[in-house]
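See below for the structure under consideration.
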Amino acid sequence: MSKDKMQSQAVQTTGHAWDGDLQEYNNPLPRWWIWTFYLSILFAVLYWIWFPAWPVAKSFTPGVGKITYVDAKGVTKTTGWNTRADLMREMNELAAIQKPFFDKVAAQPYAAIAKDPDLNNFIASAGKQLFADNCATCHQAGGQGKIGFFPNLADDDWLYGGSFEKIQETLIQGRRGYMPPFGEALSGEQIDQLANYVLSLSGEKMDTAKADAGKALFHSETAGCFYCHGDDARGRPVIGAPNLTDKIWLWANVPNADGPSTKLAAVQNVIKSGLNKGVMPAWGQRLKPEQIKVLTVYVHELGGGK
Ligand code: HEC
Ligand code: HEC
């Protein structure tokens, strides 16, 4: 008898042989494996009985498990267990935890809210959630906005004002900035001069002679920029006309321009075409007053409000 044959006879095999001498061992399954197997069958059976599980014709077996929850109208209901009711129940639990905080926010003036550490903690989390659900699609998750589209809420520069009252007004009413186009009223040369002046205000490279001519135009009746942006070009929050003397840009993409001529072109383009695309939706009808208050404080904190 060969050495190989002796070895294969030492353990039990299934008795089949392939390719002449290829055999299969017949070992018992490990005990832990068997038990896990039986337990998972038991689990599946209990699961089928408890939860909605099997499809039958046009419906499904509802399961014997019950769930009690309060529906959107405030009515307490008990039904067969289902994910929708489970979600309602979880949301109710969360709302119940949040309610006393929302009530406190609703009852207190902003100055008191800002000084209350408990409320501040609450606003940091509830405000973050509300912001993520309603605002982050436009203003981005951290409120940093997007040049050319949505203002940065995380800096301390404000189009419409950064006090609690002004931010709340922005949220309730919405905002729509408007600057008329000057492509018809002014010549290309005048627009070029104005753009050089605007760049000079924030310390960008430009042509000084053109900027001087632009400065005169800015304050003249011909262009009338000062009506909206102010004599000092620091903006007028009542109409959302921005401060042109800081290095913060929303519409003219100066920060990402790759050189002086691209910066100039970006500013020229704004003056030529005007602006009518900055639309901040109104939330007064869509959110509850206390939610708006939470968001107001949240945004105020984001941007180091004023
Ligand atoms: C559809 C996009 C969009 C959504 C959603 C949106 N915003 Fe705005 N928001 C804008 C735009 C655009 C402006 C700038 C309006 C302008 O240029 O006149 C703005 C302006 C603002 C301002 C004024 C900033 C300043 O400098 O004065 C605040 C504050 C603000 N949004 C907060 C919010 C909050 C809070 C939410 C969520 C409840 C929100 N926004 C949702 C687009 C949006
Ligand atoms: C009727 C009021 C009004 C007049 C007049 C006006 N602007 Fe504006 N300007 C605005 C408003 C409002 C915005 C911001 C629009 C927005 O946010 O939706 C703006 C934005 C700008 C911007 C973009 C700033 C940025 O952050 O990208 C520049 C540059 C500018 N104005 C320059 C001028 C110059 C130069 C003139 C004169 C030729 C002028 N504006 C006249 C109201 C005005």
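The values are calculated or read from the model by the stated rules, or taken from the named source; none is laboratory data. What you are looking at is a predicted structure, and each value in this text was computed from that prediction instead of being measured. Cβ sites come from the backbone with ideal geometry, for glycine too, and all protein chains shown count toward neighbours. Ligands, DNA and RNA are stripped out before the accessible areas are found, and what is left, the full protein with its side chains, is counted by its heavy atoms. Shrake-Rupley method; radii C 1.70, N 1.55, O 1.52, S 1.80 Å.
Can you find even one residue in the range 114-125 that is surrounded by 19 or more Cβ atoms within 10 Å (Cβ to Cβ), within 16 Å of ligand 1 (Cβ to nearest atom) and touching a residue at least 12 places away in the same chain (Cβ under 8 Å)? Yes, that holds for at least one residue. Residues satisfying the criterion are present in the range 76-94 (criterion: free of Cβ contacts under 8 Å to residues at least 24 places away in the same chain, exposed (fewer than 10 other Cβ atoms within 10 Å of the Cβ) and within 30 Å of Phe122 (Cα to Cα)).
Within the range 101-117, the residues that satisfy the criterion of being over 14 Å from Tyr298 (Cβ atoms) and assigned to a helix (DSSP H, G or I) are Asp103, Lys104, Ala106, Ala107, Ala111, Ala112, Lys115, Pro117. Answer yes or no as to whether Gln193 is within 13 Å of ligand 2 (Cβ to nearest atom) and either in a helix (DSSP H, G or I) or crowded, with 16+ Cβ neighbours inside 10 Å (or both). Criteria met by Gln193. For Tyr160, the conditions (1) open to solvent by 20 Å² or more (accessible area, probe 1.4 Å); (2) away from ligand 1 (no atom under 11 Å from the Cβ) all hold with the exception of (2).
Inclusion of Ala17 among residues that are in a loop (DSSP other than H, G, I, E, B), at pLDDT below 90 and either not polar (S, T, N, Q) or not assigned by TED's automatic domain parsing to the domain that holds Asn82 (or both) is not warranted.
Here Ala72 qualifies as modelled with pLDDT under 85 and surrounded by fewer than 10 Cβ atoms within 10 Å (Cβ to Cβ). Figure legend. Inter-residue proximity from the range 160-171: first residues among the basic types (Lys, Arg), second residues open to solvent by less than 40 Å² (accessible area, probe 1.4 Å) and within 16 Å of ligand 2 (Cβ to nearest atom), beta-carbon distance below 8 Å, spacing 6+ or different chains. Indicated pairs: Lys166/Tyr160. So in the range 165-187, with the set limited to residues that are more than 11 Å from ligand 1 (Cβ to nearest atom) and open to solvent by less than 60 Å² (accessible area, probe 1.4 Å), which one is nearest to Pro237 (Cα to Cα)? Result: Pro180.
So, of the residues in the range 251-260 that are open to solvent by less than 30 Å² (accessible area, probe 1.4 Å) and closer than 16 Å to Gly148 by Cα, which turns out to be farthest from ligand 1 (Cβ to nearest atom)? Before you say what the answer is, go through the steps one by one.
Narrowing the range 251-260 to residues open to solvent by less than 30 Å² (accessible area, probe 1.4 Å): 252, 254, 257, 259.
Those left that are additionally closer than 16 Å to Gly148 by Cα: 252, 254, 257.
Working: Ala252: 13, Val254: 17, Ala257: 20 Å.
Ranking the qualifying residues of the range 251-260, first place goes to Ala257.
Could you check, for the range 165-188, whether at least one of its residues is within 11 Å of ligand 2 (Cβ to nearest atom), outside any loop (DSSP other than H, G, I, E, B) and either in contact with a Leu (Cβ under 8 Å, 6 or more places away or on another chain) or farther than 21 Å from Pro281 by Cα (or both)? Yes, the range 165-188 has at least one match.
Gly63 meets all of the listed conditions (1) of a type outside the set (A, V, I, L, M, F, W, C); (2) within 45 Å of the chain's Cα centre (by Cα); (3) modelled with pLDDT of 90 or more but one, namely (3). Please indicate, with yes or no, whether at least one residue in the range 269-285 is farther than 17 Å from Gly177 by Cα and more than 16 Å from ligand 1 (Cβ to nearest atom). No; the residues of the range 269-285 include none that is farther than 17 Å from Gly177 by Cα and more than 16 Å from ligand 1 (Cβ to nearest atom).
Name the residue that is nearest to the chain's Cα centre (by Cα), counting only residues in the range 261-275 that are open to solvent by 70 Å² or more (accessible area, probe 1.4 Å) and either closer than 13 Å to Val198 by Cβ or not assigned by TED's automatic domain parsing to the domain that holds Gly162 (or both). Quick ask: steps written out before the conclusion?
Looking only at the range 261-275, we keep the residues that are open to solvent by 70 Å² or more (accessible area, probe 1.4 Å), and these are 261, 269, 272.
The next check asks that each one be either closer than 13 Å to Val198 by Cβ or not assigned by TED's automatic domain parsing to the domain that holds Gly162 (or both); those that pass are 269, 272.
On the way: Asn269: 30, Lys272: 32 Å.
Of everything passing the filter in the range 261-275, Asn269 is nearest to the chain's Cα centre (by Cα).
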